[in-house]
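Throughout, read-outs are computed from the coordinates displayed, never taken from laboratory work. Note that the structure is a prediction, hence the values are computed from the model and not measured. Ideal geometry is used to build each Cβ from the backbone, glycine not excepted, and the neighbour counts take in all protein chains shown.
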Amino acid sequence: MTGLPNVWARKKVAPEKPTLLLRGSRVYLRPGREEDWRAWAELRAASRDHLTPFEPQWAEDSLTERAFRLRLERQQRDWRLGISRSLLIFLEEDDSVIGGINLNNICRGAAQYCSLGYWLGQPYQGHGYMQESARLLIAHAFGPMELHRINAATLPHNGRSIKMLRRLGFIEEGFAKNYIQINGAYQDHILFGLCADSADHALDVEA
Ligand SMILES: CC(C)(COP(=O)(O)OP(=O)(O)OC[C@H]1O[C@@H](n2cnc3c(N)ncnc32)[C@H](O)[C@@H]1OP(=O)(O)O)[C@@H](O)C(=O)NCCC(=O)NCCS
């Protein structure tokens, strides 16, 4: 066997990367790309004290380029599997990355629900950017994705997050003891939910 191509060899095909663009008036959302690393890491480093009380504990290397690449690979795999959609948020005016928003734990079958996760860099808080971003993603979840319900959970003292969920029409539905590991410890959470049939109204209401 010399010089002949092995016709049985499997061609290595790079898996497709997810593409989605959701455009609002002041922000747009799209999946992260490798070239976003520096701006993303600088924003998160500058917002460390603002974010860490409300997020799962950061690994020591969490802001490195390698960790960002691995994060993207995980997000791309989960997107292809249909179990999550992770997007970065950018300002229309200058394309700066200002935060992130995700639909996690997407569950199909009889459930058709998912959980909403979100964060904004500290300088971008207090401008209504997350409300606009969440409205875009909720419309996508209940529209093309045909989900039926979005769950959200926040720490009882996360006033800004609670206010935002209420403004979007989320209903407080319960309380979960030691629900998720946040900043290194399992912590109680308030549970919220938004169903597709009540969202039409909620999304029409101005912020
Ligand atoms: C939760 C979080 C995203 C909320 O951010 P936020 O900027 O307060 O959220 P919104 O987009 O709803 O903005 C609302 C604020 O913008 C103000 N605002 C200014 N211009 C506005 C506009 N054009 N439209 C709407 N709101 C506007 C509102 O008055 C409101 O401020 P107020 O609460 O002081 O009245 C942010 O605090 C955060 O990232 N926290 C750390 C991470 C975190 O908690 N993640 C969630 C875990 S459950």
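In percent, rounded to a whole number, the relative contact order of the chain is 18, using alpha-carbon pairs under 8 Å and six or more apart. Convex hull of alpha carbon positions in region 101-158: directionally averaged projected area 4.5 nm². Using a ≥ b ≥ c from the Cα gyration tensor of region 108-207 (square roots of the eigenvalues), is it rounded, prolate or oblate, where a/c under 1.5 gives rounded and otherwise the larger of a/b and b/c decides, a/b for prolate? In terms of gyration-tensor shape, oblate.
Dividing the radius of gyration of the alpha carbons in region 1-102 by their Kirkwood radius gives 1.13 for Rg/Rh. Evaluated at q = 0.10, 0.13 Å⁻¹, a Debye calculation over the C-alpha positions of region 22-204 (equal weights, vacuum) places log10 I(q)/I(0) at -0.38, -0.67. Each of M145, M130 was scored by other Cβ atoms within 10 Å of its Cβ. Listed from fewest to most, they are M145, M130. Taking each residue as 0.36 nm, the span from E93 to L21 lengthens on full extension beyond its C-alpha to C-alpha distance by 24.3 nm. Modelled this way, with points 7 Å down the Cα-to-C-beta line, the labels at A9 and R66 are 3.0 nm from one another.
Mind checking the angle between helix 37-46 and the chain's longest principal axis? C-alpha axes, 0 to 90 degrees, to the nearest 10. Roughly 30 degrees, rounded to the nearest 10. Loop-resident GluC sites (Glu not before Pro) (DSSP state other than H, G, I, E or B) in region 131-197 with no more than 14 further Cβ atoms inside 10 Å of their Cβ: E146.
Which order results if T64, T154 are arranged by neighbouring Cβ count within 10 Å, fewest first?
T64, T154
From least to most packed, judged by other beta carbons within 10 angstrom and beginning with the fewest, S25, S47, S198 follow the order S25, S198, S47. With each label modelled as a point 7 angstrom along the Cα→C-beta vector, the R48-I83 pair spans 3.1 nm.
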